[in-house]
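Worksheet for the structure shown next.
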């Protein structure tokens with residue numbers, strides 16, 4: 001079958017032929033498989049939670065159609081198989097049905113970033129209705145869903161950060177209050193004005209300077225959920241800011257959650273997307289465009305249609 | 001009565017006369033009152049959890065003898081009274097009996113630092129028996145008690161840091177494994193050797209570089225309890241170190257706990273001290289030596305005997 005294959009340790013992933021999975025393993029046809037940043041980390045062999053033994057098919061998740069016609073979301077199919085292929089064994093993978101009203105491309109695009117946003121707010125952030133939420137980095141796949149999910153979960157104030165005017169506009173359209181992180185002093189002022197009592201939950205996809213500024217706007221018993229660090233691996237954190245509020249910083253990874261937590265998060269998000277309450281970006285591509293997308297030259301949210 | 005009085009905002013605390021509390025407020029004679037760093041913060045008017053309105057008596061806690069002869073530990077007597085005085089009103093203060101076998105000076109010295117160490121391990125750190133503990137800054141009042149309390153709570157490996165040879169010896173004598181933070185690279189190596197699976201609970205009194213190094217030695221689901229920052233107010237923290245372990249950084253202050261939690265912590269520590277299972281340092285001083293002690297020129301752990 002045609003697939004995106006990592007042929008040896010450290011080698012680049014590339015489109016190649018790969019043996020089909022044995023028919024006994026509940027084989028299904030992959031209809032949509034999103035390219036997430038984590039796929040590159042796994043292929044590089046540096047993801048502690050999913051060690052790749054080449055040769056193997058890349059791709060952590062996707063949507064497949066079973067022989068009886070059902071659309072199922074799947075996550076972490078058994079080695080050496082992956083989602084970037086024509087077929088995938090569902091035996092041993094985490095799977096749940098895609099609800100009616102949600103197409104396979106958007107369902108696939110929801111996956112990892114949606115589950116990260118949902119579990120960051122609920123499992124790690126313990127968001128309660130009416131609480132204030134700050135999403136640091138609200139323009140990427142996780143951040144745009146986090147703004148909408150916070151709304152759906154009944155948050156009070158929801159602030160989302162961006163750098164560009166387009167990004168700020170998008171935060172507002174998704175129901176958030178936009179705040180620019182371009183100028184740290186101005187960002188500090190905006191946070192103090194919008195949330196004078198501080199934020200109860202911060203979903204942090206940036207780290208670095210934006211988090212250092214945001215950490216001075218914590219509500220009592222605040223939860224800072226560390227999901228990503230696109231602003232840099234280190235941040236200079238002020239200890240009294242956390243201590244005086246009894247605040248918590250919690251590291252989040254979808255891999256630390258249970259299968260039930262991941263699939264429940266997906267099911268709730270998919271339900272919201274199916275009824276139009278949640279907007280999901282997705283850019284379908286074919287095998288021929290995959291190499292460019294893998295190297296970051298493709299659209300914002302590539303979803304492979306094998 | 002004779003007392004240590006803060007006469008106006010920003011003024012230094014000094015020994016002076018102060019009106020005795022009204023007899024209706026369960027007045028008791030103060031027999032020992034420890035000088036803690038928090039007393040200076042409160043006197044300076046910068047402690048969010050206890051705002052001082054001068055003129056007022058300084059001193060957050062102590063041990064008093066009631067008219068019927070009972071020794072009681074007390075915390076946070078009502079304004080404008082404090083523990084650095086001949087008499088204190090116990091009505092409105094948090095109080096609990098001092099157990100037999102524990103003298104008033106050591107009981108008083110236990111107070112704030114003991115409660116901080118105990119609650120950092122239990123309330124904030126959720127220490128379970130057999131887990132590994134790292135005390136960053138194990139030579140101060142909180143740190144020395146934290147090493148012993150971790151042992152009493154059934155921890156497995158307990159590592160305590162110090163800078164001097166005397167400090168390292170003391171950690172060992174108290175039942176901990178000593179580690180020097182003087183050289184960050186050597187500290188890193190020692191932590192990796194002593195706890196190859198990382199630490200479950202870190203009680204952090206230092207912050208700064210020692211915490212940045214220790215944060216690369218976290219066990220899965222580790223809890224880093226931020227109690228003090230004597231190495232500096234800021235630290236450069238690596239985000240993936242927390243994320244990949246699902247680790248938590250939690251800011252701790254005794255003031256965030258409930259009255260019941262504080263008094264229960266004191267009672268358990270006092271019980272251990274009374275039976276000789278916990279060593280508590282205390283250096284009794286009189287009013288005449290108080291000024292020097294207030295300005296940091298007194299003994300390590302001054303306890304005023306009014």
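The values are calculated or read from the model by the stated rules, or taken from the named source; none is laboratory data. Since the structure is predicted, the reported quantities are computational estimates derived from the model, not experimental observations. Note that each Cβ is placed from the backbone with ideal geometry, even for glycine, and that neighbours are counted across all protein chains shown.
Taking the stretch B:251-271 as the range and being crowded, with 22+ Cβ neighbours inside 10 Å and over 14 Å from the mean Cα position of the chain (by Cα) as the test, only B:251 passes. Across the stretch B:234-243, not a single residue is classified as at pLDDT 95 or above and touching a helix residue (DSSP H, G or I) at 6+ places or on another chain (Cβ under 7 Å).
Assuming residue A:74 fulfils every condition listed in (1) over 16 Å from the mean Cα position of the chain (by Cα); (2) away from every other protein chain (no Cβ under 14 Å) apart from one, which condition is it? (1) is the only condition that residue A:74 fails. When every residue of the stretch A:46-53 is checked against the conditions, none turns out to be at positive phi and touching a strand residue (DSSP E or B) at 6+ places or on another chain (Cβ under 7 Å). Do we have any residue at all in the stretch B:13-28 that's at pLDDT 95 or above and buried (at least 24 other Cβ atoms within 10 Å of the Cβ)? Within the stretch B:13-28 (the criterion being at pLDDT 95 or above and buried (at least 24 other Cβ atoms within 10 Å of the Cβ)), the answer is yes, since at least one residue qualifies. The number of residues in the stretch A:30-46 that are over 12 Å from residue A:6 (Cβ atoms) and part of a loop (DSSP other than H, G, I, E, B) comes to 3. Checked against (1) within 14 Å of another protein chain (Cβ to nearest Cβ); (2) part of a helix (DSSP H, G or I), residue B:24 passes all but condition (1).
The strands (runs of 3 or more DSSP E) located wholly in the stretch B:222-306 that include 1 or more residues which are away from chain A (no Cβ under 14 Å) occupy B:283-285, B:302-304.
Just one of the numbered conditions (1) touching a strand residue (DSSP E or B) at 6+ places or on another chain (Cβ under 7 Å); (2) free of Cβ contacts under 8 Å to residues at least 24 places away in the same chain; (3) within 30 Å of residue B:61 (Cα to Cα) is not true of residue B:226: (2). Within the stretch A:60-82, the set of residues being out of contact with any helix residue (DSSP H, G or I) (no Cβ under 8 Å at 6 or more places or on another chain) and within 24 Å of residue A:252 (Cα to Cα) comprises A:74, A:76, A:77, A:82. No other residue among A:186, A:219 is part of a helix (DSSP H, G or I), more than 9 Å from every other protein chain (Cβ to nearest Cβ) and in contact with a strand residue (DSSP E or B) (Cβ under 9 Å, 6 or more places away or on another chain) apart from A:186.
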